Amino acid sequence: MIVLGVESSCDETGLALYDTQRGLLSHALYSQVAMHEEYGGVVPELASRDHIRRAIPLLEQALQGAAITPQQIDAIAYTQGPGLAGALLVGSSVACSLGLALDKPVLGIHHLEGHLLSPLLASEPPEFPFVALLVSGGHTQLMRVDGVGQYELLGETLDDAAGEAFDKSAKLLGLGYPGGPAISRLAEFGDPEAYKLPRPMLHSKDLMFSFSGLKTAVLTVAKNQGLANICEQDKANIARGFVDAIVDVLTAKCVAALKQTGLKRLVIAGGVGANKQLRASLDAAAAKKRFKVYYPELEFCTDNGAMIAFAGAMRLQINPLAAQRDYSFNVRPRWPLDELKVV
Ligand code: ATP
Ligand code: MG
Ligand code: FE
């Protein structure tokens, strides 16, 4: 069975083809970050318009890459939510129009389920059950995953998401948007002893997070140094202080979640999962505490169509009726993962 995946929840347009027998056949992706950069964040209206421009050329690219015809597609999976309403509408309407034109069934996918299952696309995928840390631009959640559609929320952030904390702190340091990768690179040159920033909720004895205070701590330190004429080394030192703090908290909570559930497998998903320092810290904890940690391929950490095609294929394998010839799509910009139907 070949599933076409369509992702357009935010500022990446992704189309991909996944074959349940042969694996991922192709994936085509266009990131709008350069367009949004000058505004310092995603402009929803511009995002929607650009998804319209990119969708069909990316579909053609994905079909060519997979060397298949549109008729060989068996089902179409699209991101139904959560995300920007206008952006979601583009992907949904593309998916449903294609379904109607080709007479293929369609199914809406929860974007976070896509992220959650993305590590299973790797060459050595984890087995269920596992603990998942979802660290993206909009979410920071720890979950127990027993199978496709079987997710139990163990803890989440009370305010900013980890990716948001990276982006906002990077912005304070004048590093552009999205700032996660930039602040991470800069941190490599920073002195770990220069600034000890707070580790919010490290000792809260639960699996909740809070990152808005960390951003404020970055602002305070940067202001004390004189925001406008802060030198490069000092910027790197602050970046290092920030990254060390956030990585410490994320690592400690992962270890606590494994202890609480008694599980030995940890899966990382979402854009912040690409972070080098986080990976190094989790790898060290895994060696010490004897658990195994799994990451998505770097290109599948941030938004992409492959994870949506894959999540669709997994759902369809369990329940072939999950996809329907019902093209009256409705998007769900807000959609808590615990409202997701079991397959
Ligand atoms: P959501 O999936 O919650 O709706 P999103 O799709 O915007 O949010 P992702 O695409 O998964 O989020 O991830 C984007 C986030 O990941 C951004 O905040 C970005 O700064 C962060 N990020 C990407 N690479 C890195 C990195 N190397 N280090 C730290 N953060 C990173
Ligand atoms: Mg993005
Ligand atoms: Fe995402």
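The values are calculated or read from the model by the stated rules, or taken from the named source; none is laboratory data. From a predicted model like this one, the values you see are computed outputs, not experimental measurements. Virtual Cβ from ideal backbone geometry, glycine too; neighbours counted across all protein chains shown. Each accessible area value is taken on the protein alone, full model and side chains, heavy atoms only, with ligands, DNA and RNA left out. Shrake-Rupley method; radii C 1.70, N 1.55, O 1.52, S 1.80 Å.
Points worth noting:
- Taken one residue at a time, the phi angles of the range 239-255 give Karplus couplings (6.51, -1.76, 1.60, θ = phi - 60°) of 4, 5, x, 5, 4, 4, 5, 5, 5, 4, 5, 4, 5, 4, 6, 4, 4 Hz. Gly and Pro are set to x.
- Residue-span extension gain [residue 328 to residue 219] - 0.36 nm each, minus C-alpha spacing: 34.6 nm
- Cross-link check: pairs 205/341; 259/292; 196/264 evaluated at a Cα-Cα cut-off of 22 Å; pairs beyond the cut-off: 205/341; 196/264.
- Protein accessible area in the range 127-295, 1.4 Å probe - carbon and sulfur %: 53
- Take the convex hull of the alpha carbons in the range 2-61; its mean projected area over all directions comes to 4.1 nm².
- Among 141, 61, 71: highest mean-square fluctuation, GNM of the chain, C-alpha pairs under 10 Å: 71
- Rg and Dmax [Cα atoms of the chain; Å; Rg one decimal, Dmax integer]: 20.2, 63
- For residue 25, residues with placed amide H under 5 Å, excluding near neighbours: 17, 18, 19
- Once the Cα gyration tensor of the range 127-295 is diagonalised, semi-axes √(5λ) in Å: 29, 15, 14
- In this simple spin-label model, placing a label point 7 Å from the Cα along the Cα-to-Cβ direction at both residue 284 and residue 204 gives a separation of 2.4 nm.
- Fully extending the segment from residue 228 to residue 338 would add 35.2 nm, taking 0.36 nm per residue of separation and subtracting the current Cα-Cα distance.
- Gap separating the Cα centres of the range 150-188 and the range 45-93, nearest whole Å: 27
- Put 123, 169, 93 in order of accessible area, highest first, and with a 1.4 Å probe you get 123, 93, 169.
- Estimated 222 nm signal from helices in the chain, with DSSP H stretches of n ≥ 4 weighted -39500 (n - 2.57), rounded to 500: -13500 deg cm²/dmol
- Extension gain, residue 101-residue 318: 0.36 nm per intervening residue step, less the Cα-Cα distance, totals 75.5 nm.
- Counted charge near residue 8, where neighbours are those whose Cβ lies closer than 15 Å (Asp, Glu -1; Lys, Arg +1): -2
- Take the range 127-295 with all the other protein chains still there, run a 1.4 Å probe, and you get 43 Å² of accessible area per residue.
- Overall form of the range 1-158 per C-alpha gyration tensor (a/c, 1.5; a/b vs b/c): oblate
- Net charge dipole size for the range 127-295 [Lys, Arg +1 and Asp, Glu -1 on Cβ; Debye, nearest 20]: 420
- Longest exposed-site-free window of the chain, the sites being GluC sites (Glu not before Pro) in a DSSP loop that have at most 12 other C-beta atoms within 10 Å: 194-343
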